[in-house]
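Structure, as structure tokens:
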Amino acid sequence: MPIYRQIIQQIEHAVLSEQMKPGDRLPTIRSLAVDLKINPNTIAKAYNELEIKGLLVTQVGSGTYISDKKPAPEEDRRKQKILEILNRFMQEMKRLGVDKQELLALLDEWSD
């Protein structure tokens, strides 16, 4: 499982188990990247996805905080599985040299 997905799951678990509560401040991207010894872009990707889901709120100049929205465990597992399958599929399509237009045409054919 990609590292950014592991970070997302850890934060979601911490929120669901109430180890982290609304208003709690998360480490900065840079400091967490240093602590985990990973690329800051990986942390940014995880934080961004959690922000899109509404679980995090970023306040410019202040930091990133847990919002008051709780993750839906069943929905997250389903979405995670879909994203994992889609990621493997897209990697294989790239290896085969299939571009976006060709892939869309193939998907269109498949759905007919």
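One line per residue, one yes/no per condition, for (1) surrounded by 14 or more Cβ atoms within 10 Å (Cβ to Cβ); (2) assigned to a helix (DSSP H, G or I); (3) among the β-branched types (V, I, T):
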residue: I43; (1), (2), (3): yes, yes, yes
residue: Y47; (1), (2), (3): yes, yes, no
residue: K79; (1), (2), (3): no, yes, no
residue: I85; (1), (2), (3): no, yes, yes
residue: M90; (1), (2), (3): no, yes, no
residue: Q101; (1), (2), (3): no, yes, no
residue: L104; (1), (2), (3): no, yes, no
residue: D108; (1), (2), (3): no, yes, no
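Sort out which residues of the stretch 17-31 are in a loop (DSSP other than H, G, I, E, B) and β-branched (V, I, T), and write them in order of number. Passing the criteria: only T28. When V34 is tested against (1) surrounded by fewer than 14 Cβ atoms within 10 Å (Cβ to Cβ); (2) β-branched (V, I, T); (3) in a loop (DSSP other than H, G, I, E, B), just one condition goes unmet, and that condition is (3).
Rule-based calculations on the coordinates, nothing more; no lab input. Just so you know, these numbers come straight off a predicted model, no measurement behind them. In this analysis, Cβ positions are derived from the backbone assuming ideal geometry, glycine residues included, and neighbour counts consider all displayed protein chains.
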